[in-house]
1. Taking the condition of being open to solvent by less than 20 Å² (accessible area, probe 1.4 Å), within 13 Å of the ligand (Cβ to nearest atom) and either part of a loop (DSSP other than H, G, I, E, B) or not small (Gly, Ala, Ser) (or both), how many residues in region 154-166 meet it?
2. Quick one: which of Asp100, Asp73, Asp67 is open to solvent by 20 Å² or more (accessible area, probe 1.4 Å) and in the same structural domain as Trp118 (by TED's automatic domain parsing)?
3. Could you tell me whether any residue of region 123-132 is polar (S, T, N, Q) and more than 24 Å from Arg297 (Cα to Cα)?
4. Quick one: which of Ala204, Ala208, Ala221, Ala238 is open to solvent by 40 Å² or more (accessible area, probe 1.4 Å), at pLDDT 95 or above and among the small types (Gly, Ala, Ser)?
5. List every residue pair whose Cβ atoms sit under 6 Å apart, with the two residues 6 or more apart in sequence or on different chains, where the first one lies in region 193-209 and is without any contact (Cβ under 8 Å) to a residue 60 or more places away in the chain and the second, anywhere, is surrounded by fewer than 14 Cβ atoms within 10 Å (Cβ to Cβ).
6. Tell me which residues, restricted to region 167-198, are within 12 Å of the ligand (Cβ to nearest atom) and in a helix (DSSP H, G or I).
7. Looking at Ala277, Ala282, Ala238, Ala267, which is the one that is within 16 Å of the ligand (Cβ to nearest atom) and either among the aromatic types (Phe, Trp, Tyr) or not assigned by TED's automatic domain parsing to the domain that holds Ile206 (or both)?
8. What residue, among those in region 300-315 that are touching a Ser or Thr at 6+ places or on another chain (Cβ under 8 Å) and open to solvent by less than 10 Å² (accessible area, probe 1.4 Å), is nearest to the ligand (Cβ to nearest atom)?
Amino acid sequence: MPRAVELNAYGDVDQLRIVDVAKPEPKAGEVLVRVVAAGTNPGEISIREGYLKEMFPMDFPFGQGTDFAGRVDAVGPGVSEFAPGDEVLGWTFQRAAQADYVVSGPANLIRKPVALDWFRAGSLFIVATTAVGAVRAVALKPGDVVAVSGAAGGVGSLAVQLARRTGARVIGIASDDSADFLRSVGVEPIAYGDGLEERLRALAPIDAFIDLFGGGYIDIALKLGVAPQRINSIIDFAGAQKAGAKTDGSAAAASRDTLATVANLIAWGEIVMPLTAIYPFALLRDAYTELARRKARGKIVLALDPAITEPLRPL
Ligand SMILES: NC(=O)c1ccc[n+]([C@@H]2O[C@H](COP(=O)([O-])OP(=O)(O)OC[C@H]3O[C@@H](n4cnc5c(N)ncnc54)[C@H](OP(=O)(O)O)[C@@H]3O)[C@@H](O)[C@H]2O)c1
């Protein structure tokens, strides 16, 4: 039987259940995708724990997951852009990506570049669109100095490289564990924690600030003299509103064009997309336990192939 994530109540990882479901039938205008890989994102933790129920009210049971990649299994009447066997990546806003099959509209799919692997493809949509939205928001130009908090995470690892491509000098706020990765992509690492404001001040005048972590970085940016319109937070919405800063994230850049552009940059090695781990679908709860530690370098991805039975990690 095909499998899908099902949540029947708000709560901790124990609420994550994988249940057998009927194979969906694509209706007119729909594409049915056999999923190879699906992404995990921290926002799903907040939704599961019930923190966003005002923003996204939902009736139980509901599923989980936005990003996916896989092969087209069948198409409904009227779909001409895709055919069974096509390799695709895309997104669903139905919280349904973490499943053996997902039904999608063709407008939410692109062809998977041949040189892009399944796991990066399957976890790309949210981080690609968020990184593009956040970098665009601060209008970087060559010679600007931009500081980025959460610089080595799923969004950050892409955002710092997109920021570098504008010609800006990029300072990545991360732990010492992430410093080598950041240097390898042309980013100057600086450790978070005590004295960050003074250490940033000593490094260079900061023109722009991209906050991908929350918890007070907007205040640091303001104290460093960054203009509010050149501060963008994807998480501290209250702080941004108070400061007059921006909050552009995924929604500001969500499109097939954005996804295709970033997918091709990664496929052809123009930017790198680190993976922290590939988890077998059956170890979904372990994947979310690791994601909740907020130590990911790049993405934590789910593999739907039952032949993958242990978490896979870079050497
Ligand atoms: N608004 C939107 O559209 C949108 C879209 C996607 C995500 N988000 C939100 O944006 C945030 C980032 O998402 P993500 O997927 O990139 O998360 P993530 O991959 O879980 O981020 C993990 C990163 O956080 C870093 N980190 C941990 N403690 C830190 C601290 N005190 N200061 C700075 N960095 C720290 C870690 O760096 P070290 O390992 O080096 O410690 C790690 O690289 C989440 O809160 C998510 O919910 C918003």
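The values are calculated or read from the model by the stated rules, or taken from the named source; none is laboratory data. What you see is a predicted model, and the numbers here were worked out from it, not measured in a lab. Cβ: placed from backbone, ideal geometry, glycine included. Neighbour counts: every protein chain shown. Each accessible area value is taken on the protein alone, full model and side chains, heavy atoms only, with ligands, DNA and RNA left out. Shrake-Rupley method; radii C 1.70, N 1.55, O 1.52, S 1.80 Å.
1. 2
2. On the way: Asp100 fails: open to solvent by 20 Å² or more (accessible area, probe 1.4 Å); Asp67 fails: open to solvent by 20 Å² or more (accessible area, probe 1.4 Å).
The conditions single out Asp73.
3. Scanning region 123-132 turns up no residue that is polar (S, T, N, Q) and more than 24 Å from Arg297 (Cα to Cα).
4. Within the list Ala204, Ala208, Ala221, Ala238, the selection yields Ala238.
5. Listed by first residue and then by second, the contacts come to Glu197/Lys223.
6. Those that are within 12 Å of the ligand (Cβ to nearest atom) and in a helix (DSSP H, G or I): Asp176, Asp177, Ser178, Ala179, Asp180, Phe181, Leu182, Leu196.
7. Details: Ala282 fails: within 16 Å of the ligand (Cβ to nearest atom); Ala238 fails: either among the aromatic types (Phe, Trp, Tyr) or not assigned by TED's automatic domain parsing to the domain that holds Ile206 (or both); Ala267 fails: within 16 Å of the ligand (Cβ to nearest atom).
When all the criteria are applied, what remains is Ala277.
8. Looking at residues that are touching a Ser or Thr at 6+ places or on another chain (Cβ under 8 Å) and open to solvent by less than 10 Å² (accessible area, probe 1.4 Å), I get Ile300.
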